[in-house]
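K.L.:
Dropping a structure here in structure tokens format, bear with me for questions.
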Amino acid sequence: MTDKGFEDIHPEAAGGAADRAAPAGASVSGHRARLRRRFRQGGPEALADYEMLELVLFRAIPRRDCKPLAKALIARFGSFADVIAAPPAQLASVPGVGETVITELKIVEAAALLLSRQQAREKPVFDGWGRLITYLNAAMARLTREEFRVLFLDNKNRLIADEVQNRGTIDHTPVYPREVVRRALELSAASIILAHNHPSGDPTPSRADIEMTKQIVAAAEALAIRVHDHVIIGRDGHASLRALGLI
């Protein structure tokens, strides 16, 4: 797959004539320099989502106007974060997006997740609820299938490991309490945080979620391992089973 100029493939997708024009040479270079300067001076708050996306696309498309493609991606997926997290197959369905563009977008996504994970390792997870939710949102909120993960913590609530235990369908992931506890023992974890996503967007726990959590809590408590919480992540928010009084 190759990255052709977006305006050569689908010129009407991004809007008006100004966006369809492909300014050559100095015009493209000048626009990129101005956008980078605005970012350095004002940070991401100074730019629209499509402009932040342009900055990423500059590396993948070195000599073309990236604005039409950036706007088309935002129109298709909704936001900068949604574009970055979109599955490669869905990204490839947008005219003008090839392997190079997809790779650049996935590098940004991976960098964000690695940063969040490193911050969680350096500071006690339970001292930073907001940081935990930010990390889980980045990792899970936009997944199209359910994923169940466990954060294993030491006796100071520092992250030992964050592992995906299982992946399932759009509305179900099989979870085996004994496997969760066995892994906690292998890692010498003092406590764990359970997390999974609801691709429907609604984080409300189901009866199966509640029952499964109780089974894991019982198995963990028998071996002196504390279950801090079970967090359910959805595009519309998150739910804490402990906050709901279900643990």
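K.L.:
Has region 127-149 got any residue that is hydrophobic (A, V, I, L, M, F, W, C), without any contact (Cβ under 8 Å) to a residue 12 or more places away in the chain, part of a helix (DSSP H, G or I) and over 27 Å from Lys106 (Cβ atoms)? Outline the logic, then answer.
P.N.:
Initially, region 127-149 is screened for residues hydrophobic (A, V, I, L, M, F, W, C), giving 129, 132-133, 136, 138-141, 143, 148.
Next, from what is left, pick out any that are without any contact (Cβ under 8 Å) to a residue 12 or more places away in the chain: 129.
From the residues that got through so far, the ones that are part of a helix (DSSP H, G or I) too are 129.
Going one step further and asking which of them are over 27 Å from Lys106 (Cβ atoms), we end up with 129.
The answer is yes; a qualifying residue exists.
K.L.:
Can I ask one more? Step by step: first the residues of region 225-237, then only those that are closer than 18 Å to Ala85 by Cα and out of contact with any His (no Cβ under 8 Å at 6 or more places or on another chain), then the one that is modelled with the highest pLDDT. Which residue is that?
P.N.:
It comes out as Gly237.
K.L.:
Pick from region 189-247 the residues that are among the polar types (S, T, N, Q) and part of a strand (DSSP E or B): which of them is nearest to Pro174 (Cα to Cα)?
P.N.:
Within region 189-247, the subset among the polar types (S, T, N, Q) is 191, 197, 200, 204, 206, 213, 215, 240.
Now narrow it down to the ones that are part of a strand (DSSP E or B): 191, 197, 240.
Working: Ser191: 21, Asn197: 13, Ser240: 20 Å.
Among them, the one singled out is Asn197.
K.L.:
So which residues in region 67-81 are modelled with pLDDT under 90 and either assigned to a helix (DSSP H, G or I) or more than 19 Å from Ala138 (Cα to Cα) (or both), if there are any at all?
P.N.:
Ala81, the sole residue that qualifies.
K.L.:
Inspect region 233-244 for any residue being under 21 Å from Phe152 (Cβ atoms), free of Cβ contacts under 8 Å to residues at least 40 places away in the same chain and hydroxyl-bearing (Ser, Thr, Tyr) and give the result as yes or no.
P.N.:
Yes, because at least one residue in region 233-244 is under 21 Å from Phe152 (Cβ atoms), free of Cβ contacts under 8 Å to residues at least 40 places away in the same chain and hydroxyl-bearing (Ser, Thr, Tyr).
K.L.:
Of (1) farther than 25 Å from Leu113 by Cα; (2) modelled with pLDDT of 90 or more; (3) not in a loop (DSSP other than H, G, I, E, B), Pro95 satisfies all except one. Which?
P.N.:
(3)
K.L.:
Of the numbered conditions (1) part of a loop (DSSP other than H, G, I, E, B); (2) at pLDDT below 90, Asn166 satisfies every one except a single condition; which is it?
P.N.:
(1)
K.L.:
Would it be correct to say that Ala89 is aliphatic (A, V, I, L, M) and either surrounded by fewer than 18 Cβ atoms within 10 Å (Cβ to Cβ) or modelled with pLDDT under 90 (or both)?
P.N.:
On the way: aliphatic (A, V, I, L, M): yes; either surrounded by fewer than 18 Cβ atoms within 10 Å (Cβ to Cβ) or modelled with pLDDT under 90 (or both): yes.
Criteria met by Ala89.
K.L.:
All but one of (1) in the same structural domain as Leu91 (by TED's automatic domain parsing); (2) at pLDDT below 50 hold for Met1; which doesn't?
P.N.:
That leaves (1) as the condition not met.
K.L.:
The conditions are (1) at pLDDT 95 or above; (2) within 20 Å of Met140 (Cβ to Cβ), and Ala190 fails exactly one of them. Which is it?
P.N.:
Single failed check for Ala190: (2).
K.L.:
Among the residues that make up region 144-153, is at least one of them crowded, with 21+ Cβ neighbours inside 10 Å, of a type in the set (Lys, Arg) and closer than 16 Å to Ile232 by Cβ?
P.N.:
Yes.
For every residue, the table says whether it meets (1) in a helix (DSSP H, G or I); (2) at pLDDT 50 or above; (3) surrounded by 19 or more Cβ atoms within 10 Å (Cβ to Cβ).
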site: Arg32; (1), (2), (3): yes, yes, no
site: Arg38; (1), (2), (3): yes, yes, no
site: Gln41; (1), (2), (3): yes, yes, no
site: Leu53; (1), (2), (3): yes, yes, yes
site: Arg63; (1), (2), (3): no, yes, no
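The values are calculated or read from the model by the stated rules, or taken from the named source; none is laboratory data. Keep in mind the model is a prediction, meaning the values are calculated, not measured. Here the Cβ is made from the backbone with ideal geometry for all residues, glycine too, and neighbour counts use every protein chain on show.
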